[in-house]
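Just below is one structure, and these are the notes that go with it.
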Amino acid sequence: MEVAVIHVFVGPTLARSEPLLAAPGVRVWAPVGHGDLFDAAIRDGDTAVIIDGVYHQAPALRHKEILAAMGRGVRVIGAASIGALRAAELTPFGALGIGSIYADYASGKIDGDDEVAVGQAPDGQWDALSWPVVNLRHVLHLAVSAGVFDGERAAGLLAGLRRVYYPQRTTAAVRAVCRRQGETKFAGWLAEQREHDRHFGDLKRADALAAVRSALAGRAAQAGVRPTPAVWETMYFRRWSNAFARTRRDGLELSTEDRLVYQQVFDPAFHETWTAYLEHRSLQPADGAAALPLAQRLSQASGEDLPAHRVFHPVIDLRDEATVTLLLAGETEMDRQAVARYADTLARARHTRAGFSTAAVRDDLTRRLLLRVWKCTEQQFDVEASARGLESGARAVAAAKRLVPGLLEEMNEAPERTEMTCGER
C-alpha cells in the first residue's frame, strides 16, 4: 500500500534547511507554477501544502488546477503567500487555509497579490530579496505595541514603503524610506530586533510552518469534499491537462501530447486509428448520451453525406488511459525515441535562439513539410488533417510546429532516411 505524501511547494518563505521540511513523508517542491499539480507523483490521498508560487517570471498556478487536484482526492492546504490567497478563494470548494495571512485574505482585510509578493534570487535558491507588505505591516504593528511610535506615524511609513516596487523593497530600501520620513528611531529598533532574531516579524514564515505542522498532524481539507468536474472541466483546463500529461516508457519520460501529434503526423495508418477512436467514443460517449454505433450516429447527424471525421470532433482527454492506449496503438519504440529527439531539439532551440517559441515557427514552412510527409495536394490538405484527428489544416499546422525543428534537423542530417520515415514507416 502506498503511503500518502505531503507535497510542500515552498521557496522564499522557508529555507530548504528548515528541520520541519525534513520530516518523514514530506516532499519539498519548488514554488508552485502552472502545471505542477498535474504531476503524476501527486496522488489521491496525498496532501499539497501550497505556500510559495511563481507569477512574474513564469505562468502562475490556475484556480482550476487546484480544483482538479482536489477533485481527484488531493487534499490542499494554503498559507503564507500565494497559498493563502488561493485558499481564501477556494475555501468553499474544500481548500483549507492556515494562518493570519489567510484569515486576512478570507475576511477581505487584504486582497492584493502584492501583499505577499517578494523579489526572488535568480540562482535557483529561491531566497527572498525584499520585504512583503504583510511582514512590514506586522512589524509596524509590533513597533506601535512597543511604543516606538504611534499608529498614525506607522500608517504613514507603511504608505511610503508600499510606494516602493515590490522587488526593490529591500532592507536597504526600508532604511532609506525611514530616513526620508524621519523614522530613524524605528529603523534602529527594527535592526536591533533582527540582530537578536533574524526571523523577527516574519509573519509569512510563521504561517508556513503552521501549515506544514497542520499537514503533519493530519489536518486537511474538509473530509470527503471533492469539487464536481463541472467546476473545472473547461476547454482551457482540458488544454492544460493535455499539455502537462506525461508518460514513462522505455526509460523515457515523454509528453503524451507530443507522442500523439507524432503519430497523427507520421503514421500513414492513423486514419484507421482515428476511426477506431470515433467508434469508441460513439459507443462510450463522455457526456452520458446514449451509446450508438458510429454508422448509426453518423446517419442521424448527416445522412452519411460526409465521413465521420468531418462530422465529429470529440475533445481528447489524455488523462484517460483507454483513450491513450487506443490513439497510440500503432506507436513503436522507434517512434518514442524520435519523440524524445524532437523534444530535445525543440528545447535546444528555445535555449539557444533568443525569443524562439513554437508559435514563431512559420506557418508556410510547417504546411509544406506536412504536405511532403502526407504526400497530398493542397486541395486534399484539410481532408487529410481531419482524417488524422487534427480537424483542419490550420489546426494541423499549429499542432505540428513542435515537430518542425526536429524534422528539419533530421532532413539535414539524413534526407533519404527522413523520406522513408515520413512516407513508408
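Quick notes on this one:
- Exposure proxy order (Cβ contacts within 10 Å, fewest to most) of Ser386, Ser81: Ser386, Ser81
- The distance separating the Cα centre of the stretch 158-173 from that of the stretch 70-138 comes to 19 Å.
- Legend: ranking of residues Met70, Met235, Met411, Met334 from fewest to most surrounding C-beta atoms inside 10 Å; resulting order Met235, Met334, Met411, Met70.
- Most fluctuating residue given options Asp52, Asp267, Asp111, as computed from a GNM of the chain linking Cα atoms under 10 Å: Asp111
- Nearest-20 debye value, the stretch 278-364 charge dipole, Cβ charges on Lys, Arg, Asp, Glu: 440 debye
- Kirkwood Rh in Å, taken over the stretch 245-423 so that all alpha-carbon pairs contribute: 17.3 Å
- Fraction of antiparallel bridges per DSSP, the chain only, in percent to nearest 5: 25 percent
- In terms of overall dimensions, the stretch 40-120 has a Cα radius of gyration and Dmax of 12.4, 37 angstrom.
- Reach of Lys401 by Cα under 25 Å, taken over lysines that are not fewer than 8 positions away in the same chain: Lys375
- Residue among Ala399, Ala354, Ala387 with the largest mean-square fluctuation in a Gaussian network model of the chain, springs linking Cα atoms under 10 Å: Ala354
- Shape parameters for the stretch 133-202, alpha-carbon atoms, Rg then Dmax in Å: 11.0, 30
- Under 18 Å of direct C-alpha separation, and excluding same-chain neighbours fewer than eight residues apart, Lys204 reaches these lysines: Lys109.
- Cα point-scatterer Debye curve for the stretch 57-215, base-10 log of I(q)/I(0) at q = 0.14, 0.15, 0.16, 0.21 Å⁻¹: -0.76, -0.86, -0.95, -1.41
- Highest-fluctuation residue, Thr366, Thr273, Thr184 considered, GNM on the chain with Cα pairs under 10 Å: Thr184
- The residue list Leu283, Ala243, Pro268 was ranked by how far each Cα lies along the charge dipole of the stretch 238-286 toward its positive end, using unit charges on Cβ atoms, and Ala243 comes out on top.
- Rh by Kirkwood over Cα pairs, then Stokes-Einstein D for the chain at 1.306 mPa s and 10 °C, µm²/s: 63 µm²/s
- Sorted by Cβ neighbour density within 10 Å, fewest at the top, the residues Arg75, Arg205, Arg368: Arg368, Arg205, Arg75
- MRE, 222 nm, helices only [DSSP H, n ≥ 4, -39500 (n - 2.57), over the chain, to nearest 500]: -14500 deg cm²/dmol
- Gyration tensor verdict on the stretch 317-383 (Cα atoms; rounded if a/c is under 1.5, prolate if a/b is larger than b/c, oblate otherwise): oblate
- Kyte-Doolittle mean at least -1.0 and Cα axial length at least 24 Å: DSSP H helices in the chain: 333-352
Every number here is computed from the coordinates shown, using simple stated rules; none is lab data. Quick caveat, the model's predicted, so the values are computed rather than measured. Every residue, glycine as well, gets a Cβ built from its backbone with ideal geometry; the counts of neighbours run over all protein chains shown.
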